[in-house]
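K.L.:
Submitted below is the structure of interest, expressed as structure tokens.
The values are calculated or read from the model by the stated rules, or taken from the named source; none is laboratory data. What you see is a predicted model, and the numbers here were worked out from it, not measured in a lab. When we count neighbours, we look across all protein chains shown, and the Cβ atoms used for this are built from the backbone with ideal geometry, even at glycine.
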Amino acid sequence: MKYNKEQQIEIAKYAIENNYGYKETGAKYDISYQQVAAWVRKYEAKTSLNKPRKTSTEPTKASTLDILNRRDPVLEQQLEDVKRRLGLIE
């Protein structure tokens, strides 16, 4: 049996909604699971083109103040050890 585009999309959506159950979807619509998988891939490729893309792939850069305010846990521990040895803290 031939399926038109709308039917293919409906079948692909059904498979996606049912946890990508290609085998079960194929059995329900009397088609092979390979055909269901192909329609799902085609549907996902088409719908992914319509999704908004990120404007920048670069991570946001931290300001100089943010970098200077960062604390290094290793250096914090070393400072605490030195203060303890000098008797500044107990």
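K.L.:
Can you pull out the helices (runs of 4 or more DSSP H) entirely within the chain that have at least 1 residues that are modelled with pLDDT of 90 or more?
P.N.:
Filter on the chain gives 5-17, 22-29, 33-50, 73-86.
K.L.:
Applying the selection to the stretch 24-46, what residues are surrounded by 13 or more Cβ atoms within 10 Å (Cβ to Cβ) and in contact (Cβ under 8 Å) with a residue 12 or more places away in the chain?
P.N.:
Answer for the stretch 24-46, where residues must be surrounded by 13 or more Cβ atoms within 10 Å (Cβ to Cβ) and in contact (Cβ under 8 Å) with a residue 12 or more places away in the chain: THR25, LYS28, TYR29, ILE31, VAL36, ALA37, TRP39, VAL40, LYS42, TYR43.
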